[in-house]
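See structure below.
The numbers here are math on the coordinates, done by the rules we state, and not lab data. All values reported here derive from a predicted model rather than from experimental measurement. Cβ atoms come from the backbone with ideal geometry, glycine included; neighbour counts cover every protein chain shown.
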Amino acid sequence: MNYIEFHAEKCIACDLCSGVCSLNKLGRVQPAGACIRVSRDTGTHLGPMLCSVCDMTHERACVDACPQEALVWDEDAGVVRFFQEECTDCGSCLDACPNVHQDAVDRRIMICDLCDGDPLCVKWCPEGALTWGGAS
Amino acid sequence: MKYGGYTGKFLTVDLGTGAIGSQPVSDELAEKYVGGRGFVAKLLYDMLPRGIDPLGPENVIVFATGPATGTMIPTASRIAIGVKSPLTGTISASYMGGHFGPELKYAGWDGIIVTGVSEKPVALVVDDDKARLVDAGSLWGKDALESQQALQRQLGDEFRVGAIGPGGENGVRYGTFMHQQHNAGRGGSGSVFGSKKLKAVAVRGTGGISVAAPAAEYIAACKELHDIIMENPVRPAFRWPGTNGMLPNVNEAIGLPYRNYQDDKVPDVGPIHHEVLDTYVTSREACSGCNVICGAVVEFEREGRSYRSERIDHESMWALGPNCGIVDLMAVLEANYLCDTLGIDTMTTGSAISWAMEMTEKGLLTKDDTDGLDFTFGNADVLRPAILKISAREGFGDTLALGSRGAARKLGKGEEYAMQVKGLDMAAYSPRAFTGMGISYATTGRGADHNKAFTVAAEFLGVLGDYDRYSLDGKAELVKRMQDSTVMIDSLIMCMFTVDLGISVELYARCASLPTGMNITADDLYAIGERVSTVERLFNVEEGFTRADDFLPRRLAVEPAPSDPGAHTLDMGDVLDDYYAAREWDADGVPTAALRERLGV
């Protein structure tokens, strides 16, 4: 199984990962609507970095939570797929898993599909904080 | 708005009435003034009556992003904050990085225009297209970091927050606005916030910003630009020591001002060398959209007090350190942290202290004048109490809160030891060693600023040519050209460091064209630079500034640096005439009618 690994100690909060992800998936730069979100724990001054992206462990809580067939497990690719025409914007998937995101503009559910095996966020990370994990 | 990269509107906030609204950004404003510094120049020129008190109710705060801000163009994280400066009386824009500018764009705003005065302390909360003023009485008096953290707890991690500290609240002439630990504040924008009782601004943007080009094409074009920086041989020098790498080099070149510009070389920079500073780095930090990564977090202790802070930068290290004759790293790091969190500009603070030190050395100030504080060159222990007194405007601190020139004028002595132009103090590059910096200090609209034509790149780093750094030959034209190209960097808004990292004027034009869809050439870019420089000049001329204000401190012309075997000095001589001619300004420094017509201003 493939997944994206996050190394918090290397992350420098440049937001290039979420920027390029949103540009690729949504056609505009919208980090809050990206499949990957990085943020800083603001409880401490210049505190540690956090990352939220599908970890591909595939407990698939989001799929289980979806009352329709808007989120579907794609076994061949090893990722969850989203179908907007089936989505009723009920928010169940967002409640079920913190690594599921939503594009606030078009209400699309955003969940990492690993860019068909060549994740842009990994390519763009300037510090190696994101790496390609699992089997190739 | 027909162009990409813009949201097409400013948020307007009248603190007097509490009215919140929006104002469109016209296509013409975008074409002629781009964004950032250009927007600040045009809006303040049009909005401000002449002759107002910068700390009075009529001043206006303009937050302005540029079309590249938050669009993946490398380093385009910055936001300009423009005011009529309470330190200089000139038009003034200061800049900060971090994540505030992009977030404002994602919230749907190219900028914020703040007018009027609030009766009570307030914070502005911008939550996408909705904005509100909330009571900030509980934050007033808190430092800029505590204030951010309190708001962050109230609003959540997703908000990007900035605040002023006591310095801005109390009307220190050089108060700053701080987001994370990025500061906008040379020229004292934070004090204008204080005069308006605007304590803090928080922004959350869940929307996005659209660019002109199709996504795949745009991603590929941006990647090329990022790769140019990534592969530049100079990048590792920025990535690890940050700007601090400059200090030993400039010192070795006998160009690092020491003891209030009495010399240009520090006998021993060893204790504050970046290799020592590096040992305190515990993690790294960048602004949004940046792959240069000059930032880092340091942790240190001084006299039992523990600090976790953004790593100090070269200019702040110099101003609070060598220019005060100090090479005590812990004392300087503490002073930098205190200036940041108390909300006063590190460089102006350092220069006010170095002025007091020279006044003490010359016997013009004694401990009786300074509340017993010992302003002897090299006394690291005076930094902390002096900074606390300045930010509180208490005792002698109230005098230093005016800046070096203001302090000299208040006391009626020692203006010749105020190392400033137009009231803004000079920076860490001596004009005796880099003549272009001298012309830049003398002519830049907001005073002796090192970042509006960083000629050191062409005179020392070999990035933009190979000029003789001691000669004035060709420098008037160099300064003019660099001031104009810097306008574009400050308007897009990108980081100054990209100049040294392979981003040419042609590539800045590309960075302007890609998100907007405009077809901007290098020639257009220079024309925009001339236009913005001219509007800034007109503002100052109409405020009463004349040729006499484009000067350098006399010391530079008559006192060579004792450490310099070449005994160089810098007498500006006729170079101002050459500069005005290159600018098409008349002999008094007033933009000619022909120029105004050509530029459409």
State whether segment B:462-550 is rounded, prolate or oblate according to the following rule on the C-alpha gyration tensor (a ≥ b ≥ c being the square roots of its eigenvalues): a/c under 1.5 gives rounded; otherwise a/b larger than b/c gives prolate, and the remaining case gives oblate.
oblate
Axial C-alpha extent at least 15 Å, average Kyte-Doolittle at least -1.0 - helices from chain B (DSSP):
B:36-47, B:144-155, B:215-230, B:329-342, B:346-361, B:475-492, B:505-516, B:522-542
About its Cα centre, segment B:137-200 carries a charge dipole, from +1 on Lys and Arg Cβ atoms and -1 on Asp and Glu Cβ atoms, whose size in debye to the nearest 20 is 260 debye
Does anyone have the angle between helix A:16-26 and the longest principal axis of chain A? Alpha-carbon axes, 0 to 90°, nearest 10?
30 degrees
Indicate the gyration tensor shape class of segment B:75-115 (rounded, prolate or oblate), computed on the Cα atoms with a ≥ b ≥ c the square roots of the eigenvalues: a/c under 1.5 is rounded; otherwise a/b larger than b/c is prolate and the rest oblate.
oblate
Report Rg/Rh for segment B:414-516, rounded to two decimals, where Rg is the Cα radius of gyration and Rh the Kirkwood radius.
1.00
10 Å Cβ neighbours from other chains, averaged over peptide A:29-37:
6
Simple label model, 7 Å out from Cα along Cβ direction - B:ASP46 to B:ASP574, nm
4.2 nm
Multiplying the sequence separation of B:TRP240 and B:ASP135 by 0.36 nm and subtracting their Cα-Cα distance, what value in nm do you get?
33.7 nm
Roughly what would the spin-label model give for B:GLU275 and B:ASP473, points 7 Å off Cα along C-beta, in nm?
3.7 nm
Based on the Cβ-Cβ distance of B:ASP588 and B:SER563, what FRET efficiency does E = 1/(1 + (r/R0)^6) give at R0 = 35 Å, to the nearest 0.05?
0.40
Measure of size requested: the Rg and Dmax of segment A:2-134, with Cα atoms as the atom set and Å as the unit; please supply both.
14.4, 44
Work out how much length B:GLU217 to B:ARG547 would gain on full extension: take 0.36 nm times their residue separation and subtract the Cα-Cα distance, in nm to one decimal.
113.9 nm
How much FRET efficiency would the formula 1/(1 + (r/R0)^6) give for B:ARG409 and A:LYS123, where r is the Cβ-Cβ distance and R0 is 56 Å, rounded to 0.05?
0.45
Specify whether the C-alpha gyration tensor of segment B:9-204 places it in the rounded, prolate or oblate class, a ≥ b ≥ c being the square roots of the eigenvalues: rounded for a/c under 1.5, otherwise prolate if a/b is larger than b/c and oblate if not.
rounded
Once you treat every alpha carbon in the protein assembly as shown as an equal point and sum by Debye, what is log10 I(q)/I(0) at q = 0.06, 0.08 Å⁻¹?
-0.34, -0.60
Just to be sure I understand the curve: with the Debye formula and one point per C-alpha of chain B, what is log10 I(q)/I(0) at q = 0.06, 0.12 Å⁻¹?
-0.27, -1.22
